[in-house]
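The values are calculated or read from the model by the stated rules, or taken from the named source; none is laboratory data. From a predicted model like this one, the values you see are computed outputs, not experimental measurements. Glycine gets a Cβ as well: all are built from the backbone with ideal geometry, and neighbour counts include every protein chain shown.
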Amino acid sequence: MDIDFEWLETHIFHRKLNSEEQDAISVATTVVEFNKGDALITEGERSDALYLLNSGRATVLHHSHSQQVIVGEAVEGAQLGDMAIFDDQPYSTTIMARSTCLVYKIPKQELHALMAEHHEMAKDVMMNTIRRLAGIVRSMNSVNAYSQQYMHGRSR
């Protein structure tokens with residue numbers, strides 16, 4: 001399967017990639033298909049790659065108090081595994097395919113090499129991570145505020 005550079009430019013890099021950048025991505029990236037029920041990422045495993053969800057939907061699960069808890073959903077355009085790549089920690093969640101998922105997989109070493117050689121792409125990947133994490137924090141703030149209001153009898 002080929003890499004859809006127009007999709008990458010729209011969903012991940014937010015700009016037009018030059019031919020040198022496209023070539024570098026082509027060399028570093030593998031296109032992987034996951035079937036419904038497959039784990040794209042498994043909580044607790046060492047980070048091995050950055051995953052870009054080209055198509056499909058996946059459930060984000062976290063193990064808590066002997067249970068798998070759904071903590072989110074990954075949809076087209078999701079950048080997965082970035083936290084574990086950048087802080088060199090094991091994956092903090094399991095990502096389970098809810099449908100057939102087409103994923104661009106960039107192994108950790110190749111990603112680091114790409115980022116070292118192509119600073120603009122490094123900035124783009126980091127900005128995508130920051131945008132995603134900012135959205136998560138905003139959502140957590142909203143849930144926390146609602147929970148606090150509920151506990152104090154002020155939710156309506």
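Structure data summary
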quantity: Some residue of region 26-41 being in a helix (DSSP H, G or I) and crowded, with 17+ Cβ neighbours inside 10 Å; calculated: yes
quantity: Index of the failed condition, residue 56 passing every other in (1) modelled with pLDDT of 85 or more; (2) farther than 30 Å from residue 18 by Cβ; calculated: (2)
quantity: Selection from region 43-65 of residues that are without any contact (Cβ under 8 Å) to a residue 40 or more places away in the chain and either buried (at least 16 other Cβ atoms within 10 Å of the Cβ) or in a loop (DSSP other than H, G, I, E, B) (or both); calculated: 59, 60, 61, 65
quantity: Evaluation of residue 153 against (1) loosely packed, with under 12 Cβ neighbours inside 10 Å; (2) of a type outside the set (A, V, I, L, M); (3) assigned to a helix (DSSP H, G or I) (one fails), failing number; calculated: (3)
quantity: Count of region 60-79 residues which are over 15 Å from residue 136 (Cβ atoms), modelled with pLDDT of 90 or more and among the polar types (S, T, N, Q); calculated: 0
quantity: Unmet criterion (only one of (1) aromatic (Phe, Trp, Tyr); (2) within 20 Å of residue 131 (Cβ to Cβ); (3) modelled with pLDDT of 90 or more) for residue 5; calculated: (2)
quantity: Criterion violated by residue 123 - all others in (1) over 16 Å from residue 78 (Cβ atoms); (2) of a type in the set (D, E, K, R); (3) buried (at least 18 other Cβ atoms within 10 Å of the Cβ) satisfied; calculated: (3)
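Every residue, every condition in (1) in a helix (DSSP H, G or I); (2) farther than 21 Å from residue 2 by Cβ; (3) in contact (Cβ under 8 Å) with a residue 40 or more places away in the chain; (4) among the hydrophobic types (A, V, I, L, M, F, W, C), yes or no:
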position: 110; (1), (2), (3), (4): yes, no, yes, no
position: 114; (1), (2), (3), (4): yes, no, yes, yes
position: 129; (1), (2), (3), (4): yes, yes, yes, no
position: 135; (1), (2), (3), (4): yes, yes, no, no
position: 144; (1), (2), (3), (4): yes, yes, no, no
position: 148; (1), (2), (3), (4): yes, yes, no, no
